[in-house]
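Just so you know, all these numbers are worked out from the coordinates, no wet-lab data involved. Computed from a predicted model, the values in this text were never measured in an experiment. All Cβ positions, even for glycine, are placed from backbone atoms using ideal geometry, and neighbour counts span all protein chains on display.
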Amino acid sequence: DTLPDARINTEEVFGPVASTIRVASYEEALAVANGVEFGLSAGIVTQSLKHARDFQRNARAGMTMVNLATAGVDYHVPFGGTKKSSYGPREQGFAAVEFYTQIKTSYSAS
């Protein structure tokens with residue numbers, strides 16, 4: 001039962017922490033979620049397919065979860081955040097192959 005501008009809600013915390021912010025609507029919840037400087041992972045628990053899809057499209061986070069925990073990732077997909085939660089390209093999955101591959105273009109005349 002905290003306010004959106006409380007320290008626990010404005011800093012990137014890595015640990016077993018739970019903070020709740022009361023809102024009046026889905027739209028307000030999305031605005032509060034997007035109103036922070038960080039965007040590693042975001043999640044929503046809902047039975048509404050409309051809100052689930054809208055959240056996936058409009059939440060400003062590198063990973064979005066619907067009816068799942070926001071911790072833990074699949075190693076075959078890119079991993080990374082947005083805003084101040086990101087540095088450089090995504091890691092893991094095809095993004096990692098692309099990131100760690102050096103391409104050389106060579107020409108020769110016969």
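Structural remarks
- Between amide H atoms placed 1.01 Å from N, distances below 5 Å from residue 39 occur with 82, 84, 85, all of them 5 or more places distant or on a separate chain.
- Normalised by the number of residues in segment 7-73, the average gap of Cα pairs under 8 Å and 6 or more apart makes the relative contact order 31 percent.
- Relative to the Cα centre, the charge distribution of segment 7-73, modelled as +1 at Lys and Arg Cβ and -1 at Asp and Glu Cβ, gives a dipole magnitude of about 200 debye.
- Cα-based Kirkwood hydrodynamic radius, segment 7-73, one decimal, Å: 12.5
- For residue 19, neighbours were defined as the other residues whose beta-carbon sits under 15 Å from its Cβ, and their charges (Lys and Arg +1, Asp and Glu -1) total -2.
- The gain in end-to-end length when the residue 25 to residue 11 segment is fully stretched comes to 2.7 nm, 0.36 nm per residue minus the alpha carbon separation.
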